[in-house]
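The values are calculated or read from the model by the stated rules, or taken from the named source; none is laboratory data. Values in this document were obtained by computation on a predicted structure and should not be read as measured data. With ideal geometry, Cβ positions are generated from the backbone for all residues, glycine too; neighbour counts draw on all protein chains shown.
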Amino acid sequence: MATGTHEPSHYDPVVLGHRVRHHRRLAGLTLASLGERIGRPPSYLSQLENGRLEPKLGALAALADALGTTTGDLLDPAPPDHRADLEIRLHRLQSGRWRETLGLPEVRTGARVDDAVLEALVGLYEALPEAEATQVGLARQKADAQAREANLALRTEMRHRDNYFADVEAVAAEGLAATGYAGEGPPSEKHLTDLVAHHGFRIERVKGMPITARSVTDTARRVIYIPQRDDLSVRASRSVVLQTLGHFALEHAETTDFEGYLRQRVESNYFAAAVLVPEQAAAGFLGAAHAEGDLSIEDLKERYYVSYEMAAHRFTNLATRHLGLQVHFLRTDTAGTVTKAYENDGLVFPSDEEGGLEGVRVSRLWGARQAWASSEIIHEQFTSTDHGDFWCATYVENVAEGTPFAITIGCRSEDAGGFRGGDTVRRVSARSSDLTADPALVDRWDGVAWPSASERSFVLTALPPAGREFSPFPGIDLIDVYRFLDRQAGA
């Protein structure tokens, strides 16, 4: 009865063991009784059924005869039933890297472990990405989780404080006063040089700076090294020097905690902005513009010789405290992916399941994405969302350097009158009902469209997924692609 042409080297001994056990139980045989039929001890059969040895072809034929089946049936690569399938999958998963990486004990799949437990264990193991099953990968995932938690905690605190740090403002104001700054207009280059000296440092521009460092400080010799002028513009160098100086002015200590590191970065950046755009002078300037309905981040940028991004950040520091305005801020890339965000005006940003914003893409109808197709320097629009109506102004910055990004400042629609451009007639509805994809559109182009993602700096790490499931075109907004194809086809 034993037939089949399979060679023993071509089968999986674990699956074979389960198939032998399955047929033995169907035949009502014990290990001892089956062993008597084929002339083998029970221990031999136990090892075979547990996948620990590979029988020779003669022994396999004897087994098939004794069990009333064929060698072909025993060598079938499919598990004999659902229970065996679960046990085999768990065995393979526990043999992978994750169990050792996580320091987990091996679970023996005996009769006392019911199917529900096996289902849960298999599901949990399969949810772990095999590519990350290393100590390095695990450490990276842990660091990513800590970063997300730290960002969320700090963003929540900033919202509660209206993004105003009184203690940092005081340190910046004290330092400027020590340089002779009179409190009106932007600080001069001499004020900034004297401020560095006030804290006991000096600046040296050098060649050959480490690629990964924007500045290097010798705390023993009290020297702040920055790139030479050919590598760093005057405006950029002012920010870098002050961001570095901020750590020492605010008496930061070395930290290995990510939340502490992130907080120090936020505070040192805040210090730099508070020096370059002094609170009282800027508050008076903004107050006069607000009274005229002529608030503009561009004006703040030009008056204080800072980047648009720093001017926008600084505006969020002062808007609620001095103008009574609640606002939101966004920094996004060409695909609308969030890299920085802040709000205290009620705008609800899209977020991931843990509440993180960084790496999440905003709606294609928001100003942060509409601005890329706009012919205007500042793109203004009113946007209706599920959580209210908002006004925003978006500026695309850093175009000359080849890595452009969009900076958005906005507020509730009823507060738009205080801004230049607050009377725009451009209105967009971006409620959930407006963003729902037309099923006919999806059916028309699903499986037909083949877009190629734009180059991005993170293309070698991870592209943002198109949805919850993996997309064959990560980083691509497929609905945008389908609508584009519709237009080209004249649909």
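Among the residues making up the range 399-413, those that are surrounded by fewer than 22 Cβ atoms within 10 Å (Cβ to Cβ) and either part of a strand (DSSP E or B) or touching a residue at least 12 places away in the same chain (Cβ under 8 Å) (or both) are Thr403, Pro404, Phe405, Arg412, Ser413. Only one entry in Leu318, Leu365, Leu347 is more than 23 Å from Ile479 (Cβ to Cβ) and touching a residue at least 12 places away in the same chain (Cβ under 8 Å), namely Leu318. Looking across the range 127-156 at every residue that is surrounded by 13 or more Cβ atoms within 10 Å (Cβ to Cβ) and at pLDDT 80 or above, the one that is farthest from Asn269 (Cα to Cα) is identified as Glu149. Those helices (runs of 4 or more DSSP H) of the range 26-91 in which 3 or more residues are under 29 Å from Ala120 (Cβ atoms), out of contact with any Asp or Glu (no Cβ under 6 Å at 6 or more places or on another chain) and of a type outside the set (D, E, K, R) occupy 42-49. Taking the condition in a helix (DSSP H, G or I), in contact (Cβ under 8 Å) with a residue 24 or more places away in the chain, buried (at least 17 other Cβ atoms within 10 Å of the Cβ) and polar (S, T, N, Q), does Gln370 pass? Yes; evaluated as a whole, the condition is true for this residue.
Within the range 155-190, the set of residues being on the phi < 0 side of the Ramachandran plot and in a loop (DSSP other than H, G, I, E, B) comprises Arg161, Tyr164, Phe165, Thr179, Tyr181, Ala182, Glu184, Pro186, Pro187, Ser188. Of all residues in the range 75-100, those satisfying the criterion of being more than 30 Å from Ala59 (Cβ to Cβ) and crowded, with 17+ Cβ neighbours inside 10 Å are Trp98, Arg99.
Out of all the residues in the range 373-383, which are surrounded by 14 or more Cβ atoms within 10 Å (Cβ to Cβ) and more than 13 Å from Val425 (Cα to Cα)? Passing the criteria: Ser374, Ile378. Can you report the number of residues in the range 160-176 which are among the small types (Gly, Ala, Ser) and more than 16 Å from Gly246 (Cα to Cα)? So the count comes out to 0. Taking the criterion of being under 16 Å from Asp81 (Cβ atoms) and either surrounded by 11 or more Cβ atoms within 10 Å (Cβ to Cβ) or in contact with a strand residue (DSSP E or B) (Cβ under 6 Å, 6 or more places away or on another chain) (or both), the residues of the range 101-120 that qualify are Thr109, Val113, Asp115, Leu118, Glu119. Applying the set (1) modelled with pLDDT of 90 or more; (2) outside any helix (DSSP H, G or I) to Gly4 leaves exactly one unmet item: (1). Every test in (1) out of contact with any Gly (no Cβ under 8 Å at 6 or more places or on another chain); (2) of a type in the set (A, V, I, L, M); (3) more than 13 Å from Gly175 (Cβ to Cβ) is passed by Leu245 save one, and that test is (3). Within this structure, Arg21 fails the test of being free of Cβ contacts under 8 Å to residues at least 24 places away in the same chain, outside the structural domain of Ala120 (by TED's automatic domain parsing) and either surrounded by 15 or more Cβ atoms within 10 Å (Cβ to Cβ) or closer than 22 Å to Asp115 by Cα (or both).
Scanning the range 191-204 for residues that are closer than 21 Å to His252 by Cβ, assigned to a helix (DSSP H, G or I) and not β-branched (Val, Ile, Thr) yields Leu192, Leu195, Ala197, His198.
Close contacts from the range 415-442, counting a first residue that is in a loop (DSSP other than H, G, I, E, B) and exposed (fewer than 13 other Cβ atoms within 10 Å of the Cβ) and a second that is at pLDDT below 90 and not polar (S, T, N, Q), with Cβ to Cβ under 8 Å and a gap of 6+ residues or different chains, come to Ala437/Ile479; Ala437/Tyr482.
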